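Structure first, then comments.
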Amino acid sequence: MSGTFIGMPAFSPPTLPAFSPPTLPAFPTAAKEAVRNPTLRRNLRYATHTIRAKRAAAVSELDDWAALREAGRQIKDHTLRHLDRYLLQLEESVTAAGGVVHWAADADEANRIVTGLVKATGESEVVKVKSMATQEIGLNEALAAEGIHAYETDLAELIVQLGRDRPSHILVPAIHRNRGEIRDIFTHEMSEWGRPAPEGLSDTPAELAEAARLHLREKFLRAKVGISGANFMVAETGTLAVFESEGNGRMCLTLPETLISVVGIEKLVPTWRDLEVFLQTLPRSSTAERMNPYTSMWTGTTDDDGPRTFHLVLLDNGRTDTLADRVGRQALRCIRCSACLNVCPVYERAGGHAYGSVYPGPIGAILSPQLRGTASDIDASLPYASSLCGACYEVCPVAIDIPEVLVHLRERVVEGGPAVRQGAKVTLRPARGHAAERAAMRAARWTFRHPGALRAGQRLASGTRRLVPRTLPGPGRAWSATRDLPKLPPEPFREWWRRTHRPGGQAPADRQEDQR
Amino acid sequence: MRVALFLTCVNDTLYPDTGRAVVKLLTRLGVEVDFPMAQTCCGQAHYNTGYRHQAEPLARHFSDVFKDYEAIVTPSGSCAAMVRELYPRLGDRARAEGRGTALAEQLAPIVPRTHELTEFLVDVLGVTDVGAYFPHTVTYHPTCHGLRALGLGDRPRRLLSAVRGLDLVELPGAEECCGFGGTFAVKNSDVSAAMGTDKVRNAESTGAEVLCAADNSCLMHIGGTMARLRTTVRPVHIAEILASTEEEPLT
Ligand code: SF4
């Protein structure tokens, strides 16, 4: 979904590297900068808390929310279980309705297909509806390399594009930008891309929106090719649906002669009846609206109305690999509502860019390491970018147990093990940098299997407790830089119990246990 | 009823006062409490850090130690959630990995018998007024596992409200995580510290003398942050408040 967003009060964001995993720092490093930027913190806090409260109110209006959530989960699970069948059905119905279906195994193939289709029209400009899938594959960059300009028409995406920036939120990609900056970006950059910003543009939301409207209108009326994603695809009729708030989507989907939609294969539902569930859960979870202002649906092509040519590019790009994983596959249920971002205490403080992907927040932390693998520093660190507080799972309208998947992916990082990559079964090696932790975990397990050893350790600690400092050197600083350590007690509980509850200090069963 | 106290490794080692408080409280309510000396750790840290296979022997050990008790009570929301929510998952995953049903079968009986302290008081013993006295202003932080995994709901608040002399004040942003999260506190220390600071500032804003929670792991993080920020609020486990009486007040 897309929502209208017109910026926060002033601050300067850092300049950001592109989302190319091998070059990106691990999450904690990237998050550190955001945490130390008080204005960014304040802005994100304000924005997430506002939408969080609105969503809660919109959801609480429905008595049958729990049932809708469960229905959404089941529809998606059923579709994923029979994805092969429904995809073929979709291809048949799209073709029957006059569309052309293309299959793309990865980002390169999808970019090649789309670039080829645009070039075949002879056009060098396209207008775009906000689409996560095209950002995931880096389509704009691929088109630019072939001399084709792609114009983003969603207001926030326009801000991101004109500012040569990266999105930091699924729903409100420019959540990190404030109104003053948006005014500056419009004033300096619009003329380079088309109609310049009006003279003396102020930073009021109404003036900024009007400037964008005038700038974009020119593009809509001129464009011969539109590129979109889709929120849903209905297998039985070959219908695609886009949910949005600004009406730019409606323009891109109806005005151009050629429409190319790039859609992840998991966006499928079998029937129109299934759509009914998500028509209720998506807007409420996303923009906290009962219904989104624009829901556009199209089925192939129609004579004398809308695009004459329609291409559907079905994108895999790691989705089939993800589907092969028993625990991780639930991430494919995601309908990109962004509710999990808005409730996440980590996202609120780290910001979207730290996640190093077009998918930030909790869903990004489980999606990126599955779609891209866990080889890079950023992808191997994402499963740890959570305190496992469970707020994301609680609000997710398709009940994705994000903490469960995070822990599962942590296991993949530290232990390696079986996975599917590019359709082939592989055995992953444990990630680098976890050797000390692994040894500590083994040692702890051994101690905990031997209560006598635990007791000995506790007694040693208590005996030397006056020597234990309240802060730690080396890696321990990660704790003690901001927190005191608890004082060690004079004796652990079990010593007290032994002294006070057992005549002679020890029961026979325990003595036996201690000698193991 | 044979009731075992599962104190948890953190409380045993660092917070024996909480253990003594649970024993005192349950004894006062007429429950005969045992502390099986062979108990150690539920395996939560292993599991949540990605070492599920290392958590399995600890879960089996837990079952060996506690299997003969009718009820197992623990003053830790996250350890109770480990047993109740994640032990069944350990069994499922072992089965899915072709290792048979032995682990699932061994762990199944102890799962429903494991109770977090406030659950045990309200649901099993059926009491909310435990006869406690604590003449202080208290604000309550519902920890994430207690809130979302166990669904403790208003049980802790009902127990606190019945304590004589206690003035319970609402904590702003109560349902937000304090930022502990086990190894998260170290692996993502900057974000964790920021979350902890916000929690402490919220607690300060209530004017309460005491921040109460039902999990010492979170209180260790919050308390450590409080000490560093030199706040006047002090962290206290709910068991210690409920154990406090006019004759033997918590100091
Ligand atoms: S994971 Fe759930 S809550 Fe998060 S964006 Fe996807 S559907 Fe929404």
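The numbers here are math on the coordinates, done by the rules we state, and not lab data. Fair warning: this is a prediction, and the values are worked out from it, not measured in the lab. Counting neighbours? That spans all protein chains shown, and the Cβs are built from the backbone with ideal geometry, glycine included.
Sort B:98-106, A:273-281, A:240-248 by the packing proxy (mean of other Cβ within 10 Å over each peptide's residues), most packed first.
Top to bottom by mean Cβ count within 10 Å: A:240-248, A:273-281, B:98-106.
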- Note on the structure: Sequence order, region B:164-177: Karplus ³J(HN,Hα) from phi using 6.51 cos²θ - 1.76 cosθ + 1.60, θ = phi - 60°, Hz rounded, Gly and Pro as x, gives 5, x, 8, 10, 8, 10, 5, 8, x, x, 4, 7, 7, 4
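What is the average number of partner chain Cβ atoms found within 10 Å of a Cβ in A:403-413?
That average works out to 4.
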- Message: Residue by residue through A:437-446, how many Cβ atoms from other chains fall within 10 Å of the Cβ on average?
- Response: 5
- In nanometres, the difference between 0.36 nm per residue of separation and the alpha-carbon distance of A:Gln422 and A:Asp77 is 122.0 nm
- Item | Other-chain or far-sequence residues with amide H under 5 Å of A:Ala197's (modelled H) | A:Met190, A:Ser191
- Based on the mean of other beta carbon atoms within 10 Å per residue, what is the order of A:97-110, A:172-185, most packed first? A:172-185, A:97-110
- For helix A:83-96, what angle does its Cα long axis make with the longest principal axis of chain A, in degrees from 0 to 90 and rounded to 10? 10
- Return the calculated 222 nm mean residue ellipticity for the protein assembly as shown, to the nearest 500 deg cm²/dmol, obtained by summing -39500 (n - 2.57) across DSSP H runs with n ≥ 4 and dividing by the residue count. -14000 deg cm²/dmol
- Pairs over 26 Å Cα to Cα, from A:Lys487/B:Lys67; A:Lys119/A:Lys425; B:Lys67/B:Lys187; A:Lys130/A:Lys267, come to A:Lys487/B:Lys67; A:Lys119/A:Lys425; B:Lys67/B:Lys187
- Query: So for chain A: antiparallel DSSP bridges make up what percent, rounded to the nearest 5?
  - Reply: 40
- Message: Quick check: the distance between the Cα centres of region A:201-220 and region B:182-229, to the nearest angstrom?
- Response: 45
- Calculate the mean, over all residues of peptide A:484-497, of how many other protein chain Cβ atoms lie within 10 angstrom of the residue's Cβ. 6
- Is the shape of region A:14-157 best called rounded, prolate or oblate, per the rule: a/c under 1.5 gives rounded, else a/b larger than b/c gives prolate, else oblate, with a ≥ b ≥ c the square roots of the Cα gyration tensor eigenvalues? oblate
- Query: Which cross-chain or sequence-distant (5 or more) residues have an amide H under 5 Å from the amide H of A:Asn231, H modelled 1.01 Å from N in plane?
  - Reply: A:Ala241, A:Val242, A:Phe243
- Query: For A:His149, which sequence-distant residues (separation of 5 or more, or a different chain) have an amide H within less than 5 Å of its own amide H, given hydrogens modelled in the peptide plane?
  - Reply: A:Glu125, A:Val126
- Three-way shape label, chain B, alpha-carbon gyration tensor, a/c 1.5: oblate
- Message: Let me check I've understood the local charge: for A:Pro430, count other residues with C-beta under 15 angstrom from its C-beta, Lys and Arg +1, Asp and Glu -1. What total comes out?
- Response: +2
- Among A:385-395, A:351-361, the order from most to least packed when residues are scored by Cβ within 10 Å on average: A:351-361, A:385-395
- Message: Need one number: nm distance between label points at B:Leu168 and A:Arg290, each 7 Å from Cα along Cα→Cβ, rounded to one decimal.
- Response: 3.5
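Rounded if a/c is under 1.5, else prolate if a/b beats b/c, else oblate: with a ≥ b ≥ c from the C-alpha gyration tensor eigenvalues square-rooted, which is region B:47-113?
Oblate shape, in that a/c is at least 1.5 and b/c is the bigger or equal ratio.
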- Note on the structure: proj_area_mean for region A:93-137 (convex hull on C-alpha atoms), units nm², value 4.0
- Message: Give me the Å³ per residue figure for the convex hull around the C-alpha atoms of chain A.
- Response: 178
- Query: Cα centroids of region A:240-254 and region A:430-460: how far apart, whole angstrom?
  - Reply: 56
- When chain B is treated as a GNM, springs tying every alpha-carbon pair under 10 Å, which of B:Thr13, B:Thr114, B:Thr128 comes out with the largest mean-square fluctuation? B:Thr13
- Given the C-alpha centroids of region A:118-150 and region A:298-326, what is the distance between them in whole angstrom? 16
- Query: Which of B:Thr139, B:Thr183, B:Thr197 moves the most in a Gaussian network model of chain B with Cα springs under 10 Å?
  - Reply: B:Thr183
- Query: Angle, helix A:179-193 long axis vs. longest principal axis of chain A, Cα atoms, 0 to 90°, nearest 10?
  - Reply: 40
- Net charge near B:Glu85, counting Lys/Arg +1 and Asp/Glu -1 over other residues with Cβ under 15 Å of its Cβ? -1
- Item | Net charge over other residues, Cβ less than 15 angstrom from the Cβ of B:Ala94 (K, R count +1; D, E count -1) | +1
- Item | Angle between chain A longest axis and helix A:272-286 axis [Cα atoms, degrees, rounded to 10] | 70
